[in-house]
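Nothing in this text is a laboratory measurement; each read-out follows from the coordinates by a stated rule. These numbers come from a predicted model, not from an experiment. Note that we place each Cβ from the backbone using ideal geometry, even for glycine, and neighbour counts take in every protein chain shown.
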Amino acid sequence: MAKRKANVQIKECVACGTCVKVCPVGAISVYKGLYADVSAKCVGCGRCAAVCPASVIEMQEVTP
């Protein structure tokens, strides 16, 4: 099974912080109040994409 990672469309992100609250591993932070930033700690669970009110988070497959 391929690993997945959250990818934020930063130009569309409204920096609401909803994704930060649901991330089980603390892999997301809001950068300077402008957009959500996903770190390498992302485990690809997809919770952030499911709750994003602006629908700007996509899960992408990561190749090793």
Exercise for the section: Could you run through the range 13-39 and say how many residues are over 11 Å from the mean Cα position of the chain (by Cα) and either hydroxyl-bearing (Ser, Thr, Tyr) or under 15 Å from Gln60 (Cβ atoms) (or both)? Expected result: 1
Exercise for the section: Please specify each residue of the range 5-21 satisfying the condition of being part of a helix (DSSP H, G or I) and surrounded by 15 or more Cβ atoms within 10 Å (Cβ to Cβ). Expected result: Thr18, Cys19, Val20
Exercise for the section: Six or more apart or on different chains, Cβ under 9 Å: which pairs go from a residue in the range 45-64 that's under 15 Å from Lys11 (Cα atoms) to one that's aliphatic (A, V, I, L, M) and assigned to a loop (DSSP other than H, G, I, E, B)? Could you list them? Expected result: Pro53/Val14; Ala54/Val14; Val56/Ile10; Val56/Val14
